[in-house]
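Values quoted throughout were computed directly from the atomic coordinates according to the rules given, and no laboratory measurement underlies them. Computed from a prediction, not measured in an experiment: that's the story for all the values here. Cβ atoms come from the backbone with ideal geometry, glycine included; neighbour counts cover every protein chain shown.
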């Protein structure tokens, strides 16, 4: 009985984790992020820091102590798989807090210096030693070696820092998503205003043409006039643009809720949205409609600017 209860509990926990994971995937991610982790060892304090900004590709800069350099490729792969894209600065800082000796006397060099000085000076052994120790290469810096146990702790801390920056990016992505949804909604509202004004625009065009012809005071073939009017109005028709713009706005919203964050794809969609708005603007020929077109363009520019931060 206890066994069955235990497995039921595990099953529920697994389902919760899966749903949580899928929820996190249903969002866009920002390329801006920050993560920091500190670990305390007996003789040192180690700080791991990751910062990221927007970039077209992964631009990774790694700074770590020289004796960790053999681990750099491993670290780069780990960061690249987690962050994917952005201008990323990764740093490992080490602060020694215990008694550590990083240098030792170069006895061979000191003895050689003392023998040479003795041949040209009558100084005592102590004085010779004092002079020799000030000369170059009398101290040797120990080459640091990686302590694999220590590195294992650092590696865990790197993973923890990547989790923190991922969480930061998710939180920033939520803010971006809300902003995008707001601006897409505004463009939709402005487009509806354009649709409402469209019949008035057509009527306005007809009246302008009729007035221009009446001012010419010439006799016009009514059939030919109707044909030319229809042809002219077809050139100004924005039905296709309105339908396509609606479709692109819906597609953009759909991609905001997709399982992957794809800023480049959203960028392509905004280009199509811009193309339809520009065409409507060029065909409008009506001041009332142009006002709404300008406002659509303004909101689209804000979307484009924010989209530069989307992973």
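Overview of values
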| quantity | calculated |
| --- | --- |
| Ordering of 33-44, 288-299 by packing [mean C-beta count within 10 Å, highest first] | 288-299, 33-44 |
| Full-extension gain in nm, residue 45 to residue 302, via 0.36 nm per residue minus C-alpha separation | 88.2 nm |
| Residues in the range 148-192 reached by a label modelled at residue 54 [backbone nitrogen below 18 Å; 7 Å Cα→Cβ] | 168-184 |
| Neighbour-count order for 201, 169, 134, fewest beta carbons within 10 angstrom listed first | 134, 201, 169 |
| Likely footprinting exposure, 124, 258, fewest C-beta neighbours within 10 Å first | 124, 258 |
| Label point distance in nm, residue 196-residue 147, each placed 7 Å from Cα along Cα→Cβ | 7.2 |
| Burial ordering of 68, 268, 190, fewest other beta-carbon atoms within 10 Å first | 268, 68, 190 |
